[in-house]
Amino acid sequence: MSYLDYTVERVPTGWRKILYLNWPLVFLVTAVSCIGFLMLYSVSGGEIDRWAMPQMERFAAGMVLMIALAFVPIWFWRSISVGAYVICVLLLVLVEVMGHVGMGAQRWLIVGPIRIQPSELTKIAFVMTLAAYYDWLPVEKVSRPLWVLIPVILILTPTALVLMQPDLGTSVMLIAGGGIVMFAAGVSLWYFGAVIAVVVGLVTAVMESRGTDWQLLHDYQFRRIDTFLDPGSDPLGAGYNIMQAQIALGSGGWSGRGFMQGTQSRLNFLPEKHTDFIFTSLAEEFGFVGAASLLALYILILGFCLHSALTNRDRFASLMTIGIAGTFFLYFSINMATVMGMLPAKGSPLPLVSYGGTSLMILLMGFGILQSAHVHRPR
């Protein structure tokens, strides 16, 4: 018995779960969120009530939710995983029927004062379902074609519904998140190789079809590809956002212009400065050092999540933890790649930093479920 376990055994039972929390993860999540509060205060021009204070209130509520969910036994999440998945799919169907339209996309359900984005809930629910599936499935069947087809259907069903909204960014995250769980479960690499080969073939076919009788995309869609590859070809149109973001990233230099001194955000050249492009505001004000420090905090969060997963002897809990950690990785990597011009701009928030209610609460809920796996792991 370790010294920690010996100490915990002397604590009354009701308090042990608090001691078993992954406290480094709690502190790291809080640290990243505090960076978000500072940046929201900065990009609002020093108006704390505009974005920073509402975000603080949501974070406080989300932390309470995270701790509460950590106390829920892990068997509960296993038992409700399929039901949660079915509910999320039904909500996605409901979005198509009566969803609220905003910024050209139909992604939200509005119930009184509450605004729900079911696709965010789906990112957690379907990871839980895949983890439950592979916990139930004998290891020797993991790579057999029939048993590989079932999780593929579980992944593609919500992905197709999200694509109809349309929301390409979330669709990619669902496919990638599902792939992470399948990889961790031990699915043969040949399947992943086949998928990559198909994707490469489709991209090649699309590009080769340009200007032919069998052209696979419309001309305006090819123009979007041209703008992504060379934003300077349309600096005042489709390439405006990414060019302004790159200007902000470059002007920060090594140590940045200083807190609340970013010209791109203060003069409103930077689009969506409090949501999708807040990373460029941080890079402009704190430079490479600030941006690298935030990335280091994200990597530390991932490290503690993966350590928890790899030391957990419960297969469901381990796979679910890896899936949630993978989803978190996709959140920040896609956002950073987007604002640096490495991916097309698709409206992905920077986790724990960007202003927003649904994404923040769902992410903290995911960390709460992850904490439940950590607290209730076999000891």
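Exactly one of (1) acidic (Asp, Glu); (2) surrounded by 20 or more Cβ atoms within 10 Å (Cβ to Cβ); (3) within 23 Å of residue 68 (Cα to Cα) is unmet by residue 314. Its number?
All conditions are met except number (2).
When segment 31-52 is examined, which residues are found to be loosely packed, with under 15 Cβ neighbours inside 10 Å, in a helix (DSSP H, G or I) and either more than 21 Å from the chain's Cα centre (by Cα) or of a type outside the set (A, V, I, L, M, F, W, C) (or both)?
Answer for segment 31-52, where residues must be loosely packed, with under 15 Cβ neighbours inside 10 Å, in a helix (DSSP H, G or I) and either more than 21 Å from the chain's Cα centre (by Cα) or of a type outside the set (A, V, I, L, M, F, W, C) (or both): 48, 49.
Would you check which residues across segment 15-30 are of a type in the set (Phe, Trp, Tyr) and within 18 Å of the chain's Cα centre (by Cα) and list them?
Keep residues of segment 15-30 that are of a type in the set (Phe, Trp, Tyr), which gives 15, 20, 23, 27.
Those that are of a type in the set (Phe, Trp, Tyr) and within 18 Å of the chain's Cα centre (by Cα): none in segment 15-30.
Look at residue 126 and say whether it is at pLDDT below 95, within 26 Å of residue 309 (Cβ to Cβ) and under 20 Å from the mean Cα position of the chain (by Cα). Even if it seems obvious, please write down each step before you answer.
On the way: at pLDDT below 95: yes; within 26 Å of residue 309 (Cβ to Cβ): yes; under 20 Å from the mean Cα position of the chain (by Cα): yes.
Judged against the criteria, residue 126 is a match.
Can you list residue pairs whose Cβ atoms sit under 7 Å apart, with the first residue in segment 11-29 being of a type in the set (Phe, Trp, Tyr) and the second being modelled with pLDDT of 90 or more? Count only pairs 6 or more apart in sequence or on different chains.
Pairs that qualify, where the first residue is of a type in the set (Phe, Trp, Tyr) and the partner is modelled with pLDDT of 90 or more, are 20/375.
When you scan segment 283-311, how many residues do you find that are buried (at least 19 other Cβ atoms within 10 Å of the Cβ) and among the β-branched types (Val, Ile, Thr)?
Within segment 283-311, residues that are buried (at least 19 other Cβ atoms within 10 Å of the Cβ) and among the β-branched types (Val, Ile, Thr) number 1.
Restricting to segment 315-333, name every residue that is under 30 Å from residue 230 (Cβ atoms) and within 8 Å of the chain's Cα centre (by Cα).
Applying the first criterion (under 30 Å from residue 230 (Cβ atoms)) to segment 315-333 yields 329-333.
If the condition is that a residue be under 30 Å from residue 230 (Cβ atoms) and within 8 Å of the chain's Cα centre (by Cα), then 329, 330, 331, 332 are the ones that fit.
I need the helices (runs of 4 or more DSSP H) fully contained in segment 257-370, keeping only those with at least 2 residues that are modelled with pLDDT under 95, out of contact with any Phe, Trp or Tyr (no Cβ under 9 Å at 6 or more places or on another chain) and β-branched (Val, Ile, Thr).
Numbers: elements: 263-266, 278-310, 315-339.
In segment 257-370, 315-339 are the helices (runs of 4 or more DSSP H) which contain 2 or more residues that are modelled with pLDDT under 95, out of contact with any Phe, Trp or Tyr (no Cβ under 9 Å at 6 or more places or on another chain) and β-branched (Val, Ile, Thr).
Within segment 357-379, track down each residue that is surrounded by 22 or more Cβ atoms within 10 Å (Cβ to Cβ) and either farther than 24 Å from residue 80 by Cα or of a type in the set (Ser, Thr, Tyr) (or both).
Passing the criteria: only 372.
With the condition kept exactly as written, say whether any residue in segment 153-163 is farther than 15 Å from residue 89 by Cα and touching a residue at least 40 places away in the same chain (Cβ under 8 Å). Steps first, answer last, please.
Quick first cut of segment 153-163, residues farther than 15 Å from residue 89 by Cα only: none.
No; the residues of segment 153-163 include none that is farther than 15 Å from residue 89 by Cα and touching a residue at least 40 places away in the same chain (Cβ under 8 Å).
Which one of the conditions (1) more than 26 Å from residue 183 (Cβ to Cβ); (2) modelled with pLDDT of 95 or more does residue 131 fail to meet, given that it meets all the rest?
(1)
Could you figure out which of (1) touching a residue at least 40 places away in the same chain (Cβ under 8 Å); (2) within 14 Å of residue 39 (Cα to Cα) isn't true of residue 284?
Tallying (1) touching a residue at least 40 places away in the same chain (Cβ under 8 Å); (2) within 14 Å of residue 39 (Cα to Cα), residue 284 fails exactly one: (1).
Of all residues in segment 253-273, which are closer than 21 Å to residue 292 by Cβ and of a type in the set (S, T, N, Q)?
Residues of segment 253-273 closer than 21 Å to residue 292 by Cβ: 253-262, 264-265, 270, 273.
Passing the criteria: 255, 261, 264, 265.
Every residue in segment 176-197 that is within 20 Å of residue 334 (Cβ to Cβ) and either surrounded by fewer than 18 Cβ atoms within 10 Å (Cβ to Cβ) or not hydrophobic (A, V, I, L, M, F, W, C) (or both), please. It would help to see each step written out before you state the result.
Within segment 176-197, the first condition is being within 20 Å of residue 334 (Cβ to Cβ), and the residues that meet it are 176-184, 192, 195-196.
Once the filter is applied, which keeps residues that are within 20 Å of residue 334 (Cβ to Cβ) and either surrounded by fewer than 18 Cβ atoms within 10 Å (Cβ to Cβ) or not hydrophobic (A, V, I, L, M, F, W, C) (or both), segment 176-197 yields 176, 177, 178, 179, 183, 192, 195, 196.
The values are calculated or read from the model by the stated rules, or taken from the named source; none is laboratory data. None of the values given here were measured: they were computed from a predicted structure. Quick reminder, even Gly has a Cβ in these numbers, built from the backbone with ideal geometry, and neighbours come from all protein chains shown.
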